[in-house]
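Colleague: One structure coming up, written as structure tokens, with questions to follow.
What follows is calculated from the coordinates using simple rules that are stated; it is not laboratory data. Bear in mind that the values here come from a model prediction, so they are computed numbers and not experimental data. Every residue, glycine as well, gets a Cβ built from its backbone with ideal geometry; the counts of neighbours run over all protein chains shown.
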Amino acid sequence: MNVGLVVPGFSADARDWCIPALRHLARTLAEGDDVRVIALRYPYAAGHYTVDGAEVIALGGAISRGTATFALWRRALQVLREEHARRPFDVLHAFWATESGLLAALAGRLQRIPTVVSLAGGELVALRDIGYGDQRIAWERLKVAASLRLATHVTAGSRQLQVLGEHRLRNRKMHLAPLGVDTALFQEGRGDHAARLVHVGALTPVKDHVTLLRAFDQLLRHMPEARLELIGGGPLERSLCELATSLGLDGSVCFRGEIDHAMLPSVYRGASACVVSSRHEAQCMVALEAAACGVPLVGTRVGVLPEVTSTVVPVRDPAALAGALAASLRTEASATGSTESIRKRFGLVACTKRFRSLYAG
């Protein structure tokens, strides 16, 4: 099968993880199919190369705005037309129902290629107080609506997101199809690390580290031995460090910054629990990676968390999150679903097979 993946960004080389879940999917598809990845914005320089068996065509769109955006769109449609003529696509699959989804769906209609558009972020939400979500802006709403309307099929990575999508699509083209976790990389093997919490995610408003730090402050009053590690970098690093200091958490919270994707399994396995404090997640690969390593999950009611653990709390509720963390740390029993069942349901091979079935249909 000839598959075209249309994405905002992809790995520039084998050392660059960029969006790990998409790279894992492309690699697994390429084991049995012809896979071409059309990367619109990243890498920032145009190029044509191979990563993990997938052919990558990078357009180098970078942060083009205004009229430069329309030039990028014309180039993308031209490349998709030329690639289809060179080696006809059986299906185009875009991630994010915004620019990439719109261009894939348009090309599919023009070239009569079936298209799949996967909701993968904040396309259907509007969190105005933190400037997150495509539904805040008329132009973005238009792109999302057009992507969903023109696509042959639409997928969501969590049941929560699927419900949001079904409110907009009153037909049968909405499917539950999560991205898979690489179970060869994320394997079970926990050590004895009592009261060590880990949070993995960019330091951005939607991850709501403020609620996490305030919850951890409350937890320390009852469990002073607890420790919290924050993995990831981002624009809020300075303000979050200042908040941690003002709360008196300097000796209990560690900002580790960004680490290589391949090092994450050891991070998860060294924790007594993985915490998610986000206000929105389309799916939440972090939760699945931690669960695949056998680590208990505690978090907000977002993405797949309600599907894989009973230890979920409302968003923006430090007291509830603190209570859930305390309960998780005080018991040896995990409220997360069995590691084996999670690996079977959300494993990379099973999820890629689900996408292949959708392509074939």
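Colleague: Could you tell me how far the Cα centroid of region 44-119 sits from the Cα centroid of region 280-320, in Å?
Modeller: Here the answer is 33 Å between Cα centres.
Colleague: Let me check against my output: what whole-number percent is the relative contact order of region 38-166, with C-alpha pairs under 8 Å and at least 6 apart? Working shown, then result.
Modeller: Values: 212 pairs, mean separation 22.4, N = 129.
Across region 38-166, relative contact order equals 17 percent.
Colleague: Quick check on packing: order 284-292, 107-115, 5-13 by the mean number of other C-beta atoms within 10 Å, highest mean leading. Before the final figure, lay out each step's value.
Modeller: Numbers: 284-292: 27.8, 107-115: 18.0, 5-13: 22.2.
Top of the packing list down: 284-292, 5-13, 107-115.
Colleague: Still on this structure, I have one more. Which net charge results for the neighbourhood of residue 49, defined as the other residues with beta-carbon distances under 14 angstrom from its beta-carbon, given Lys and Arg at +1 and Asp and Glu at -1?
Modeller: Details: positive: 15, 23, 36; negative: 13, 16, 52, 55.
Local net charge: -1.
Colleague: Quick one, can you get me the convex hull of the C-alpha atoms of region 77-134 expressed as volume per residue in Å³?
Modeller: On the way: hull volume 4.2 nm³, N = 58.
Per-residue hull volume (Cα only) is 72 Å³.
Colleague: Would you mind counting up the charge near residue 68? Only other residues with Cβ under 14 Å from its Cβ, with Lys and Arg at +1 and Asp and Glu at -1. Provide the component values of the computation, followed by the final result.
Modeller: Working: positive: 41, 65, 74, 75; negative: 99.
It works out to a net charge of +3.
Colleague: Same structure again: For residue 200, what is the net charge nearby, where nearby means another residue's Cβ is under 11 Å from its Cβ and Lys, Arg count +1, Asp, Glu -1? If you can, show how the numbers build up before the last one.
Modeller: Details: positive: 207, 256; negative: 229, 258, 289.
That sum, taken over residues with Cβ under 11 Å, equals -1.
Colleague: Where is the GNM fluctuation largest for the chain (alpha-carbon springs, 10 angstrom cutoff): 97, 138, 273?
Modeller: Ranking 97, 138, 273 by mean-square fluctuation puts 138 first.
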